[in-house]
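Asker: Before I ask anything, let me first share the structure, which is written out below as structure tokens.
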Amino acid sequence: MTRRKVLQSLLTAGIWAGFKGRAFAAQTASMKDVEALQRNWKALLAEGAKVPSPSEPLKLSKDEWRRRLDPMQFNVLREEGTERPGTSPLNNEKRPGVFVCAGCNLPVFTSEMKYESGTGWPSFFTTIPGAFETSTDYKLIWPRTEYHCIRCGGHHGHVFDDGPPPTGKRWCNNGVALKFIPKSGKA
Ligand SMILES: [Zn+2]
């Protein structure tokens, strides 16, 4: 190997190692950021807002749910329906705040977990810890991961693996299954 080639390969290796190091550091930092978003979600809760905790289950009969929810909410939350894409006003909700389950008010996402997926449904790359349970559904030909509120069992949406880094997750949520509590100002 000529001196020039040695120099060249050292240089390339050096740049590559540096690049990998930076990429790795960036990713570690953003996973830490995501964990911080999860840990500190209450910072986005409006002052004085009363919300339940996941450990207080809410069990109601089908008739009680029908009285409590409007027909669209009932269809999505209690019958695993799907709203038409692009119909939820929450698609464009960009204020700081907390998204709660429309069935039982359990906090499930914050505004900092939301991103624009272009699908027409409110989309999130992570959730408030412990808010949801998942199951597999076979309503379409391929299996999908359905998720529902841990407190009231209400269906919210499906989670996919095509979300943005670092989580790679897309929590695709029906807007009618959510209510938004802005950090300040009126809902
Ligand atoms: Zn709920």
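The values are calculated or read from the model by the stated rules, or taken from the named source; none is laboratory data. Every value quoted in this text rests on a predicted model; they were computed, and no experiment measured them. So basically every Cβ, Gly included, is an ideal-geometry build from the backbone, and we count neighbours across all protein chains shown. Heavy atoms of the whole protein, side chains included, go into the accessibility calculation; ligands, DNA and RNA do not. Shrake-Rupley method; radii C 1.70, N 1.55, O 1.52, S 1.80 Å.
Asker: Please tell me the relative contact order of the range 90-145 in percent, rounded to the nearest whole number, where contacts are Cα pairs under 8 Å and at least six residues apart.
Answerer: Values: 65 pairs, mean separation 13.4, N = 56.
For the range 90-145, the relative contact order is 24 percent.
Asker: Roughly how many Å² is the accessible area per residue of the range 63-187, as a whole number, for a 1.4 Å probe? Intermediate values should be presented prior to the final figure.
Answerer: Working: 6030 Å² over 125 residues.
Spelled out: the 1.4 Å probe surface of the range 63-187, per residue, equals 48 Å².
Asker: Now for a different question. When the accessible area of the range 68-141 is computed with all protein chains present and a 1.4 Å probe, what percentage of it is carbon and sulfur? Could you put the intermediate results ahead of the total?
Answerer: Details: 1840 of 3560 Å².
Taking all protein chains in place, the range 68-141 shows 52 percent carbon and sulfur surface.
Asker: Between Thr145 and Ser55, take the C-beta separation as r, use R0 = 25 Å, and let me know the FRET efficiency to the nearest 0.05. Working shown, then result.
Answerer: Numbers: r = 24 Å, r/R0 = 0.95.
Computed FRET efficiency for Thr145 and Ser55 comes out at 0.60.
Asker: If a/c stays under 1.5 just call it rounded; otherwise compare a/b with b/c (prolate if a/b is bigger, oblate if not). Do that for the range 145-187, with a ≥ b ≥ c from the square roots of the Cα gyration tensor eigenvalues.
Answerer: oblate
Asker: Would you mind working out the magnitude of the charge dipole of the range 96-187 relative to its Cα centre, with +1 at each Lys and Arg C-beta and -1 at each Asp and Glu C-beta, to the nearest 20 Debye?
Answerer: Details: 9 positive and 7 negative charges, 65 e Å.
About 320 debye.
Asker: Next question. If DNA, RNA and ligands are ignored and the probe is 1.4 Å, what is the ranking of Arg78, Arg95, Arg151, Arg39 by accessible area, most exposed first? Mind dumping the intermediate values first?
Answerer: On the way: Arg78 65, Arg95 100, Arg151 30, Arg39 170 Å².
The ordering from most to least exposed comes out as Arg39, Arg95, Arg78, Arg151.
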